[in-house]
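Data first, discussion second: the structure below is written as structure tokens.
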Amino acid sequence: MVSTLLIVVIILAIVFDYINGFHDAANSIATVVSTKVLTPFQAVLWAALFNFAAYFYFTDHKVANTVAKTVIENYITLEVILAGLIAAIIWNLFTWWYGIPSSSSHTLIGGFAGAGMTHAMITGASALDAVNMGYVIKIVAFIVLAPVIGMVISVIITLIIINICKNAKPATAEKWFKRLQLLSSAALSFFHGGNDAQKVMGIIATALIASKVIPNFEAMPAWVPIACYSAISLGTMSGGWKIVKTMGTKITKVNALEGVAAESAGAVTLGITEHFGIPVSTTHTITGSIVGVGLVKSVSAVRWGVTISLIWAWVLTIPVSATLAALIYGVIYLLK
């Protein structure tokens, strides 16, 4: 039997997925908008199309499985998932309102883990007993590794492009790179959808297992991925203009060539991490890629003050989300 609480959890998970879409839309479209290849409206439609197209390609759901196993099954209840989702939604909306490109992925994982750890302590266990440290360490490690990988790949791609096109006429090259940026932004949106939609799939699957609606992750019903890819695509269509400004202009000024390099590097990084089932942050990845193209010009071309502020947001996201979820779970527990 499907409980009311399960329905509430599923609805909130879809709402989070929608918010994730408009919160992270900037990651996919910032450079293509800042270089004026597409208007903001055209860009979000383009990104949303490829967000959903990922549904037909990513069928192994490795990232979803990793998220589902972040908290040990013995410490997962619908109340734990509910608290984690509420905390993630609050932090996502807060950072969106202030134009801070924080990670929706780490917000969700931090909230889930924080609520699970609180549940463990209330039941007399150790907080760390509730989390699968192997998965958590891998996720935390890629807070650093994802932007670094994106940065290195973007530097390499930029240098290759510059050397190949060194004798090309600037006007001709600019025209071609604007066309190529349609492809690179599509690739980034495709892998963004493939990585981020799966995180909510993992949460919904976990809720279904906790409610004994399905026996295990492999039995996840077909409507779950369809709903998640649809929600993130609709969210992307709603845009995230405050964060677009930060990502597209405040880190470093980006031209069409650099946009192609940054988006391609972000897409490659997301593709690699998805292959290994690592739920990385699209925000972190594309930020590192944009920094990389700035470094090719000069170290001073990167606005390090803005970049350091973003890094602080990354560092704080998991602990803040976890703490918020812990408080929310405490309230839910007292009201039971």
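Summary table below
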item: Residue within the stretch 205-213 that is open to solvent by 20 Å² or more (accessible area, probe 1.4 Å), assigned to a loop (DSSP other than H, G, I, E, B) and either basic (K, R) or modelled with pLDDT under 85 (or both) present; result: yes
item: Long-range neighbours under 7 Å by Cβ, at least six apart or interchain, first residue aromatic (F, W, Y) within the stretch 134-148, second open to solvent by less than 40 Å² (accessible area, probe 1.4 Å); result: Y135/T66; Y135/T70; F142/T273; F142/I278; F142/V280
item: Qualifying residues in the stretch 151-168 (those that are among the β-branched types (V, I, T) and open to solvent by less than 30 Å² (accessible area, probe 1.4 Å)) - the one nearest to S103 (Cα to Cα); result: T158
item: Pick from the stretch 240-271, criterion hydroxyl-bearing (S, T, Y) and at pLDDT 80 or above, ranking: farthest from N195 (Cα to Cα); result: S264
item: Single match in L188, L159 (criterion: under 18 Å from D24 (Cα atoms) and in contact (Cβ under 8 Å) with a residue 24 or more places away in the chain); result: L188
item: Filtered residues of the stretch 272-315 (kept if part of a helix (DSSP H, G or I), at pLDDT 80 or above and under 30 Å from H119 (Cβ atoms)); result: T273, E274
item: Qualifying residue in the stretch 90-100 (condition: surrounded by fewer than 24 Cβ atoms within 10 Å (Cβ to Cβ), among the small types (G, A, S) and under 24 Å from D17 (Cβ atoms)); result: yes
item: Matching residues, the stretch 171-208, being of a type in the set (S, T, N, Q) and more than 12 Å from the chain's Cα centre (by Cα); result: T172, Q181, S184, S185, T206
item: The one condition in (1) modelled with pLDDT under 90; (2) buried (at least 22 other Cβ atoms within 10 Å of the Cβ); (3) closer than 25 Å to V260 by Cβ that V148 fails to fulfil; result: (2)
item: Those helices (runs of 4 or more DSSP H) lying entirely in the stretch 56-131 with at least 2 residues farther than 26 Å from F190 by Cα; result: 78-97, 104-122
item: The stretch 10-41: number of residues that are touching a Ser or Thr at 6+ places or on another chain (Cβ under 7 Å), modelled with pLDDT of 75 or more and either outside any helix (DSSP H, G or I) or surrounded by fewer than 24 Cβ atoms within 10 Å (Cβ to Cβ) (or both); result: 1
item: Residue among A53, A64 that is modelled with pLDDT of 85 or more, in contact with a Phe, Trp or Tyr (Cβ under 9 Å, 6 or more places away or on another chain), buried (at least 19 other Cβ atoms within 10 Å of the Cβ) and not aromatic (F, W, Y); result: A64
item: Qualifying positions in the stretch 169-190 - open to solvent by less than 50 Å² (accessible area, probe 1.4 Å) and of a type outside the set (S, T, N, Q); result: A173, F177, A186, A187, L188, F190
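The values are calculated or read from the model by the stated rules, or taken from the named source; none is laboratory data. The shown structure was predicted, so the numbers you read here are calculated from the model rather than taken from an experiment. As a convention, Cβ positions derive from the backbone with ideal geometry for all residues, glycine included, and neighbour counts pool all protein chains shown. Surface accessibility is based on the protein's heavy atoms, side chains included, excluding ligands, DNA and RNA. Shrake-Rupley method; radii C 1.70, N 1.55, O 1.52, S 1.80 Å.
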